[in-house]
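Notes follow the structure.
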Amino acid sequence: MNDLDGKHIVLGLTGGIACYKSAELCRALTKAGATVQVVMTAAAEQFITPITMQALSQRVVYGSQWDAREPNNMPHINLSREADAILIAPCSADFMARLVQGRADELLSLLCLARPLETVPLLIAPAMNREMWAHPATQRNLKQLELDGATVFGVGQGDQACGETGDGRMLEPQELLLDVISFFQPKVLKGHHVLVTAGPTYEAIDPVRGITNLSSGKMGFAIACAAREAGADVTLVAGPVGLPTPRGVNRVDIKSARDMLSAVQTHVDRATIFVATAAVADWRTGNAADQKIKKDGSGATPVLSFVENPDILAAVAQSPRGQSGALFCVGFAAESHDLLANAQAKRLRKGVPLLVGNIGPATFGQDDNALLLVDADGTQEMARASKLSLARKLIASIATRTRASAQN
Ligand code: CTP
């Protein structure tokens, strides 16, 4: 199952050097399962050939409203009615202005104007020189496009083809792909702020050594990504992992359990949902050394003492907001055996409405997982699947529960 299976996207190219990225974007969209119909303006054809786009999309490219290949001679109607979305990438400053004015004197602007507003969303990836981007006319057009219902994906920052540096680059194909995938996810958490902990913690023994565990952070990162796709503001408090930050997520990196607690305390007041997926070290060393512990040649081994770490989830769940339901708390249980009994016991011990159990050794570092949801009413199994697809299902389930608890 690919993220864009069944989606049909009209990919519109307008005149700009960023057209070279649209070839990669087209490929990325089709790889993700979409069918792509490319439409190019005459200016776009100055930058990249229709042949390239035809080969990548496996479909004949359209460029003229007078295209006689359509039996009814109405490509603007036929192409726009089939689409699940129209994505203009790159969208030049001129094309933004044309959209704002409702111009219809060439195929791409014509089909944008002719699209059914309720069912065919318009997605825009602007690309232009930084001065053109910053110009009041462009910024005014941008606001108007949003008021007219378009989704503007924003621009990147950095070196521009003209030699200048600043805002206005088209987003990279992979970023646009993620934005398109995210666009199609139901916005079930709009208005929510989700706080997620993820990954292991690292408890120092001395400045160069420490104790940690095998958690990869992948499940927590997938949940942060799915919550963002669902329209929430997301803060991700991450232990030491090498994973990229999910798009649009505010990430706070920490090392130890106590760092994680203090980051959570900083952000929890804004949160309406707290999902604790982190594999927090239960103990830290009570006698961590300030300097590297050296071998003295005698064969003596260091003796470590341990102190219990704070239980972050239990503390948050037992806070007044956690208790009142204003903050919906979700715990995870990484078990090695007796998943159901351990998860049920842990839910009660932590005082959370929902606890998600998984078998730690079977999931740490993997891209897939299987989950067991335990709440006051019983259990629900989520069969083995990719962590992102499980995260999306879990977010949908959390959204249903928060809606139900808001109504009670
Ligand atoms: N957790 C936490 N702070 C801790 C320990 C755990 O916030 N100091 C959270 C985890 O993020 C997870 C849940 O509590 O959501 C359960 O974590 P787990 O390690 O499975 O359970 P423990 O409480 O450590 O219990 P045990 O080690 O006995 O299984």
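The values are calculated or read from the model by the stated rules, or taken from the named source; none is laboratory data. Here the structure is a predicted model, which is why all the values come from computation and not from measurement. Here the Cβ positions follow ideal geometry from the backbone for every residue, glycine too, while neighbour counts run over all protein chains shown. SASA here: full protein model, heavy atoms, side chains in, ligands and nucleic acids out. Shrake-Rupley method; radii C 1.70, N 1.55, O 1.52, S 1.80 Å.
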Spelling it out for Gln37: with amide H atoms placed in the peptide plane at 1.01 Å from N, the residues 5 or more places away or on another chain with amide H under 5 Å from its amide H are Ile9, Val10, Leu11
Sorting Asp296, Asp290 on solvent-accessible surface, 1.4 Å probe, most exposed first, gives Asp290, Asp296
In order over segment 55-60: 3J(HN,Hα) from phi, Karplus 6.51/-1.76/1.60, θ = phi - 60°, whole Hz, x for each Gly or Pro, gives 4, 6, 8, 6, 9, 5
Rounded to the nearest 10 Å², the accessible area of Ser92 using a 1.4 Å probe with every protein chain kept is 20 Å²
Once all protein chains are kept in place, Val100 shows an accessible area at probe 1.4 Å, nearest 10 Å², of 40 Å²
Filtering trypsin sites (Lys or Arg not before Pro) in segment 295-364 by DSSP loop and by at most 16 other Cβ atoms within 10 Å leaves Lys295
Stokes-Einstein D for segment 8-184 (4 °C, 1.567 mPa s, Kirkwood Rh from Cα pairs), in µm²/s, comes to 81 µm²/s
Given 20 °C, 1.002 mPa s and a Kirkwood radius over Cα pairs, the Stokes-Einstein diffusion coefficient of segment 79-196 in µm²/s is 140 µm²/s
As a Kirkwood estimate from alpha-carbon pairs, segment 249-408 has a hydrodynamic radius in angstrom of 17.7 Å
Between the alpha carbon centres of segment 212-291 and segment 58-101 the gap in Å comes to 44 Å
Counting only protein heavy atoms and leaving out ligands, DNA and RNA, the solvent-accessible surface of Arg140 at a 1.4 Å probe, in Å² to the nearest 10, equals 150 Å²
With every protein chain kept in place and a 1.4 Å probe, segment 208-289 has an accessible area per residue in Å² of 42 Å²
Scoring the chain by relative contact order with C-alpha pairs under 8 Å, at least six apart, yields a percentage of 11 percent
With DSSP loop assignment and no more than 16 other C-beta atoms within 10 Å, the trypsin sites (Lys or Arg not before Pro) in segment 159-226 are Lys187, Lys190
Taking the chain and counting helices only, DSSP H stretches of n ≥ 4 at -39,500 (n - 2.57) each over all residues, the nearest-500 ellipticity at 222 nm comes to -10500 deg cm²/dmol
Computed over segment 8-184, protein heavy atoms only, probe 1.4 angstrom, the accessible area per residue in square angstrom equals 45 Å²
Per the Kirkwood formula over distinct C-alpha pairs, the hydrodynamic radius of segment 118-177 in angstrom is 12.2 Å
So, relative contact order of segment 8-184 in percent, Cα under 8 Å, 6 or more apart, is 23 percent
Between Phe332 and residues 5 or more places away or on another chain, the pairs with built amide H atoms under 5 Å apart involve Ala276, Val356
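Largest first and in whole Å, what are the equivalent-ellipsoid semi-axes of segment 83-141 based on the Cα gyration tensor, each being the root of 5 times an eigenvalue?
21, 12, 10
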For Lys292, Lys387, the accessible-area ranking with a 1.4 Å probe, largest leading, is Lys292, Lys387
Here segment 179-188 yields Karplus 3J(HN,Hα) values (6.51, -1.76, 1.60; θ = phi - 60°; whole Hz; Gly and Pro given as x) of 5, 5, 4, 4, 4, 7, 6, x, 8, 6
One can check that the equivalent ellipsoid of segment 168-237, built from the alpha-carbon gyration tensor with semi-axes equal to the square roots of five times its eigenvalues, has lengths in Å, largest first, of 31, 16, 10
Carbon/sulfur accessible area of segment 39-174, % of total, 1.4 Å probe, equals 52 percent
As a percent rounded to 5, the proportion of antiparallel DSSP bridges among beta bridges in the chain is 35 percent
Mean separation of Cα contacts under 8 Å (at least 6 apart) over the residue count of segment 40-126, i.e. the relative contact order in percent, is 32 percent
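Using the eigenvalues of the Cα gyration tensor, what equivalent ellipsoid semi-axes result for segment 330-408 when each is taken as the square root of five times the eigenvalue, whole Å, largest first?
So the equivalent ellipsoid measures 21, 16, 9 Å along its semi-axes.
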Once phi for every residue in segment 139-154 is put through the Karplus expression 6.51 cos²θ - 1.76 cosθ + 1.60 (θ = phi - 60°), the whole-Hz ³J(HN,Hα) values, with Gly and Pro written as x, are 5, 5, 5, 4, 4, 5, 4, 5, 4, 7, x, 6, 9, 9, 7, x
Taking every alpha carbon pair in the chain and sorting the distances into 20 angstrom bins from 0 up to the bin holding the longest one, the percent per bin comes out as 24, 44, 27, 5, 0
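If Tyr202, Tyr20, Tyr62 are ordered by their accessible area, calculated over protein heavy atoms with a 1.4 Å probe, which sequence runs from highest to lowest? Could the numbers behind the result be given before it?
On the way: Tyr202 65, Tyr20 145, Tyr62 25 Å².
Largest accessible area first, the residues go Tyr20, Tyr202, Tyr62.
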